[in-house]
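Reading through the structure tokens given below for one structure.
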Amino acid sequence: MEAAVTGLGLITPAGLGVPATWQGLCKGTPTARTDPALAGLPVDFCCRPPGFDPMAALGKRVTWRIDLFTAMALVATREAVADAGLDPTSWDGARVGVVVGNGSGGTASIEDAYNKVRDSRISTISPFSIPRSLPNMVAGEIAIDIQALGPNLVTATACASGATAIGTARDLLRLGTCDIVIAGGSEDACTRVVSACFSQAGALSRRTHDPAGASRPFDADRDGFVLSEGAGILILERPEYARARGAHIHAYLSGYGSTADGYHPTRPDPSGAGLKRAIAAALADADLSPADIDHVNAHGTSTAGNDLAEGTALREMFTQSPPVTANKSIIGHCLGAAGAIEAATTVLSLSHQTIPPTANLDRLDPQIELDIVTKAPRTHVMRAALSNSCAFGGQNAVLAFRAP
């Protein structure tokens, strides 16, 4: 069974809200900037949503008890619910589920509490430090905010978390457990500890002299990803439920594939075998063939290993490469939220029949043979599209969307 996508909500470095994010992605200007909060670290730049103010968006009463990753998810959820034309005061909350992906929980809250312990300022630690930082609280707070009283959970498959959440949400609809599921991902990881750890792992770009040019998926001169934060939420409904209430359907989530490389804790299988199996599973689930796919929103992290493995998988899966884009070139890597944001972007591409460009692709890696959209948006007839996500641990999640 397909799931109808009836609502979208986005908080990203490209803009606050769906229209601003779509405009920013189509403009193609990278958002990475030097960040004073990261001053003195080996990598002192990242991508943050411009001017996001939780207090203004949610009010003091809610904001004081939640972490930033939860605040972004709440705002994105409210936008998505409104976009879907749903009224939480009148729905059957027991038939509304929440599945949100997150990779690391409230790292900012944990860092703040640790700093206070280190400085012997125990009495200044907020009693909400634990509930702020627990990954599951993002789903719990959404349930409280909009009275979604059905299944409520968080998926944690690192950088595939958001895509895993959306696939899991579709399965809840298929099982008949819910009529509506709030699905997506949220992450706020632009903190000193997270930046330092990824830097030591050799995962981040070191282009401190050129932050805007740092995220360059599939480029021969790529040297790592750029930390980012944001949230993406999709409203998924049983198609008959959406049609019965006269909802506008943006797209259908037709297929979902999930696999493990079983290769290495942090490096993808260079053969791309795990991702290929995930793509094949998503296509089979959607009753589609590779020839039916008109666009791929790539995971495209700008790391040497991931881009090459993904490029290999796509080249071997498709006789002729469909147009490919990599949103991380513009908004950086939102980790656990990335798959959800890119899924929403894929839906928008189908809706607008337009593919946003990949930034910073000056010289395609000669080992990667793909048709990558660059420089400007490309108008393209699209019936179906894939959104790929890969992660530490070798976890892969692929979503197949179909135009209504």
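A few remarks follow.
- Exposure proxy ranking, count of Cβ atoms within 10 Å, fewest first, for 250, 295, 209: 209, 250, 295
- Prolate/oblate/rounded label for segment 1-68 (Cα gyration tensor, a/c 1.5): oblate
- Sparse-neighbourhood loop sites, GluC sites (Glu not before Pro) in segment 149-257 - DSSP loop, at most 10 other Cβ within 10 angstrom: none
- Per-peptide average of other Cβ atoms within 10 Å, ordering 363-369, 230-236 highest first: 230-236, 363-369
- Total charge dipole magnitude, the chain, about the Cα centre, Cβ charges on Lys, Arg, Asp, Glu only, Debye to nearest 20: 520
- Whole-angstrom gap from segment 278-307 to segment 23-90, using each part's C-alpha centre: 28
- Spatially close Lys pairs in the chain, defined by Cα atoms under 27 Å apart and a spacing of eight or more places or different chains, total 5.
- Cα gyration tensor shape for segment 255-402, rounded if a/c is under 1.5, else prolate or oblate: rounded
- Shown is the FRET efficiency for residue 57 and residue 383, computed with R0 = 30 Å from the Cβ-Cβ distance and rounded to the nearest 0.05: 0.25.
- Scalar couplings 3J(HN,Hα) for segment 257-272, obtained by applying the Karplus form with A = 6.51, B = -1.76, C = 1.60 to θ = phi - 60°, are x, 9, 9, 10, 5, x, 10, 7, x, 10, 9, x, 4, x, 6, x Hz; x denotes Gly and Pro.
- Net charge in the neighbourhood of residue 257 (other residues with Cβ under 9 Å of its Cβ; Lys, Arg +1, Asp, Glu -1) is 0.
- Spatial separation of Cα centroids for segment 111-172 and segment 199-218, in angstrom: 28
- Proxy reagent accessibility, fewest Cβ within 10 Å first, across 267, 216, 132: 267, 132, 216
- Label-point separation, residue 94 to residue 280 (7 Å along Cα→Cβ), nm: 4.3
- Here the peptides 162-169, 111-118, 281-288 are ranked by packing, the mean other Cβ count within 10 Å, and the order with the highest first is 162-169, 281-288, 111-118.
- Judged by the gyration tensor of its Cα atoms, with axes a ≥ b ≥ c, the chain is oblate; a/c meets the 1.5 cut and b/c is at least as large as a/b.
- Put in order of Cβ neighbour count within 10 Å, fewest first, the listed residues 245, 207 become 245, 207.
- Using just its DSSP H runs of length 4 or more, each adding -39500 (n - 2.57), the chain gives a mean residue ellipticity at 222 nm of -10000 deg cm²/dmol after division by all residues.
- By average C-beta atoms within 10 angstrom, highest first, the peptides 48-60, 192-204: 192-204, 48-60
We did not get these values from a lab; they are worked out from the coordinates using the rules stated. The structure displayed is predicted, hence computed values, not measured ones. We place every Cβ from the backbone using ideal geometry, glycine too, and count neighbours over all the protein chains shown.
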